[in-house]
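Below is one structure, written out as structure tokens, with a few remarks after it.
The values are calculated or read from the model by the stated rules, or taken from the named source; none is laboratory data. Here the structure is a predicted model, which means the values were calculated and not measured. Cβ sites come from the backbone with ideal geometry, for glycine too, and all protein chains shown count toward neighbours.
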Amino acid sequence: MVPTFMEIVDTSVANVALPHMQGSLNAGTDEVTWVITSYLVSNAVVLPMTGWLSRFFGRKRFLISCIVLFTLSSFLCGAAPNLGSLIFFRVVQGAAGGALIPISQAILMESFPPGEQGMAMAIFGVGAMFGPVVGPTLGGWITDNMSWRWIFYINVPVGVIAVIMVNYFIFDPGYLKRIRAAVDYWGLTFLVLGIGSLQVVLDKGQQDDWFNSSFIIIFSLISALSLLLFFYVELKHEHPIVNLRLFKDISFSSGNLIMFIVGFCLYGSIVMIPLFLQTLMGYSATMAGMVLAPGGVATLVAMPVVGALIQKYDGRWVVLAGLILGALSMFMMQGFALDASYPVFVWPRIVLGVGLGMIFVPLITITLSTIPRMEMGNATGINNLLRNIGGSVGIATATTLLSRMSQFYQTNLASHVNPYSLQAQTHWDGLLQGAMAKGMDAVTAQKSALGILYGIVQKQAAMLAYNYIFWVIGIAFLAVIPFLLLLKKPKHHGPGSVEIH
């Protein structure tokens with residue numbers, strides 16, 4: 001749980017510090033966002049090959065190496081003298097961090113008998129879900145009160161603790177033999193090119209106006225071609241980097257598709273909520289964090305309860321309830337208005353938090369329950385990759401819809417602001433008289449009133465765009481429900497039972 005917590009915190013902690021990095025390193029907005037993109041790209045590339053790397057180097061040795069490299073690169077990120085070196089060390093940090101969650105999950109699934117895996121995953125999930133809750137808040141506080149460099153330095157003591165604990169308490173199982181087969185160089189090359197280019201496209205697409213940019217078109221073509229060649233090479237190779245044959249298992253494939261959509265919904269909504277609060281409602285970063293935090297607490301409370309439930313009941317029903325709660329929370333957010341109070345924003349977030357707690361634990365447990373133990377590292381890597389890619393698609397979709405639907409609604413609303421609208425004319429007269437009462441001349445007062453009226457239209461249009469996005473995410477939660485039928489019904493074992501492989 002410790003290295004997983006460290007990696008998850010570091011994924012979100014840098015976002016709030018970007019403006020401070022930009023000023024400190026004398027970088028433009030487009031340049032400084034590569035601090036985030038570089039980490040996500042290298043992280044996504046390593047995720048699916050975690051199982052192969054574990055077998056190649058030995059899992060315990062590989063896990064300790066990743067923690068050490070992650071901790072060292074975190075320190076170097078904090079000490080980076082310029083933007084170029086910071087981005088380089090973020091690439092190294094992302095590559096080292098990519099393996100931490102899949103290996104931790106694989107160890108967890110192998111260390112407990114099937115009857116206890118649900119509860120073990122739930123307790124592990126408490127640590128995993130605690131990261132996104134404290135990450136932005138902790139990052140904001142450290143950046144405001146110390147320096148952005150300290151958001152990287154705080155990883156050092158956590159990394160040292162993680163290395164000591166792994167060294168003393170984690171051991172490679174006897175069936176996990178180190179492989180000495182020929183390295184799948186072509187598979188490795190196409191994986192790096194395909195996933196890396198896809199992540200760049202998703203992260204930079206809206207910023208560069210998607211396919212109106214030659215940069216995006218080139219990276220999209222590289223990604224599509226590389227992934228096609230990757231699938232061909234991996235299905236032919238005797239010892240592939242990523243064992244795509246696992247997708248022959250319908251339950252595993254369905255579970256991963258559901259996880260992809262859940263990632264889409266989770267990341268898409270989590271990015272939109274603080275944006276809505278800070279840009280339209282005037283909330284500070286700390287207050288926006290106070291809206292998100294109760295949802296994180298709700299997830300933490302729900303997870304152990306869910307862990308106990310899936311030891312006795314069919315986990316698919318728990319996932320179904322979680323998806324319905326997720327959709328309900330989005331439809332509650334669809335009703336957000338500009339005069340809403342703090343509790344109106346908090347309650348949908350709490351409902352979403354409970355829903356996510358009911359989805360993640362049983363879904364991961366059921367998805368991986370049919371996988372042989374020796375393939376567990378491979379399976380967890382694929383599962384985490386698809387969740388992350390789903391998240392990137394969700395963020396890219398949400399930001400694109402926000403930009404385009406805001407313009408659409410603004411055009412529609414502006415058509416009603418004309419001399420023939422009694423309501424618009426009354427409002428205009430009130431603004432004009434208010435400006436003139438403050439001592440402005442007629443021309444200045446008109447400009448001031450027009451500016452205020454335009455600002456109102458913009459805010460209302462943006463609010464409608466956010467409402468539309470929440471509706472789309474709610475529909476996505478519901479659309480994936482039929483795939484629960486393809487998940488294999490989990491076997492229930494007594495608490496002390498052991499399954500032999």
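Filtering the stretch 185-210 to residues that are surrounded by fewer than 16 Cβ atoms within 10 Å (Cβ to Cβ), over 29 Å from Met405 (Cα atoms) and not polar (S, T, N, Q) leaves only Tyr185. Taking the criterion of being closer than 12 Å to Tyr468 by Cα and of a type outside the set (A, V, I, L, M, F, W, C), the residues of the stretch 404-417 that qualify are Arg404, Ser406, Tyr409.
Here's the yes/no breakdown for (1) under 25 Å from Glu116 (Cβ atoms); (2) in the same structural domain as Met259 (by TED's automatic domain parsing); (3) of a type in the set (A, V, I, L, M):
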{"position": "Pro294", "(1), (2), (3)": "no, yes, no"}
{"position": "Val305", "(1), (2), (3)": "yes, yes, yes"}
{"position": "Leu338", "(1), (2), (3)": "no, yes, yes"}
{"position": "Val344", "(1), (2), (3)": "no, yes, yes"}
{"position": "Thr370", "(1), (2), (3)": "yes, yes, no"}
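In the set Ser369, Ser392, only one residue is surrounded by 16 or more Cβ atoms within 10 Å (Cβ to Cβ), modelled with pLDDT under 80 and under 22 Å from the mean Cα position of the chain (by Cα); that residue is Ser392. Pairing each residue of the stretch 189-216 that is among the hydroxyl-bearing types (Ser, Thr, Tyr) with any residue that is buried (at least 21 other Cβ atoms within 10 Å of the Cβ), provided the two are 6+ apart or on different chains, yields C-beta distances under 8 Å for Ser197/Phe219.
A single member of Leu422, Leu453, Leu413 is exposed (fewer than 13 other Cβ atoms within 10 Å of the Cβ), over 30 Å from Asn43 (Cα atoms) and hydrophobic (A, V, I, L, M, F, W, C), and it is Leu422. Here Pro362 passes the criteria (1) at pLDDT 80 or above; (2) of a type outside the set (Asp, Glu); (3) in contact with a Lys or Arg (Cβ under 7 Å, 6 or more places away or on another chain) except the one numbered (3). Residues that are hydroxyl-bearing (Ser, Thr, Tyr) and surrounded by fewer than 13 Cβ atoms within 10 Å (Cβ to Cβ) within the stretch 142-175 comprise Tyr168, Tyr175, listed in sequence order.
Residues that are modelled with pLDDT under 85 and surrounded by fewer than 21 Cβ atoms within 10 Å (Cβ to Cβ): does the stretch 375-384 have at least one? Taking every residue of the stretch 375-384 in turn, at least one turns out to be modelled with pLDDT under 85 and surrounded by fewer than 21 Cβ atoms within 10 Å (Cβ to Cβ). Considering the stretch 238-251, the residues that are farther than 13 Å from Ile382 by Cα and buried (at least 18 other Cβ atoms within 10 Å of the Cβ) include one that is farthest from the chain's Cα centre (by Cα), namely Pro240.
Checked across the stretch 156-172, the condition of being under 17 Å from the mean Cα position of the chain (by Cα) and modelled with pLDDT of 75 or more holds for no residue. For the residues Phe56, Phe75, Phe88, the requirement of being at pLDDT below 80 and not basic (Lys, Arg) singles out Phe56.
Of the listed requirements (1) closer than 19 Å to Val45 by Cβ; (2) at pLDDT below 85; (3) not hydrophobic (A, V, I, L, M, F, W, C), Gly268 misses just one: (1).
Would you mind finding the one in Met376, Met436, Met358 that is under 20 Å from Ser104 (Cβ atoms) and touching a helix residue (DSSP H, G or I) at 6+ places or on another chain (Cβ under 6 Å)? Step through it out loud before you land on a result.
Values: Met436 fails: under 20 Å from Ser104 (Cβ atoms); Met358 fails: under 20 Å from Ser104 (Cβ atoms).
When all the criteria are applied, what remains is Met376.
So, Met332, is that one surrounded by 24 or more Cβ atoms within 10 Å (Cβ to Cβ), within 25 Å of the chain's Cα centre (by Cα) and not acidic (Asp, Glu) or not? So Met332 does not fit the description; no.
Could you run through the stretch 322-354 and say how many residues are among the small types (Gly, Ala, Ser) and at pLDDT 90 or above?
Residues of the stretch 322-354 that are among the small types (Gly, Ala, Ser), as a first pass: 322, 326-327, 329, 335, 337, 340-341, 353.
This time we only want the ones that are at pLDDT 90 or above, so: 322, 326-327, 329.
Count: 4.
Could you count how many residues in the stretch 323-341 are hydroxyl-bearing (Ser, Thr, Tyr) and out of contact with any helix residue (DSSP H, G or I) (no Cβ under 7 Å at 6 or more places or on another chain)?
Taking the stretch 323-341 as the starting set, the residues that turn out to be hydroxyl-bearing (Ser, Thr, Tyr) are 329, 341.
Still in the running and out of contact with any helix residue (DSSP H, G or I) (no Cβ under 7 Å at 6 or more places or on another chain): 341.
Here the count works out to 1.
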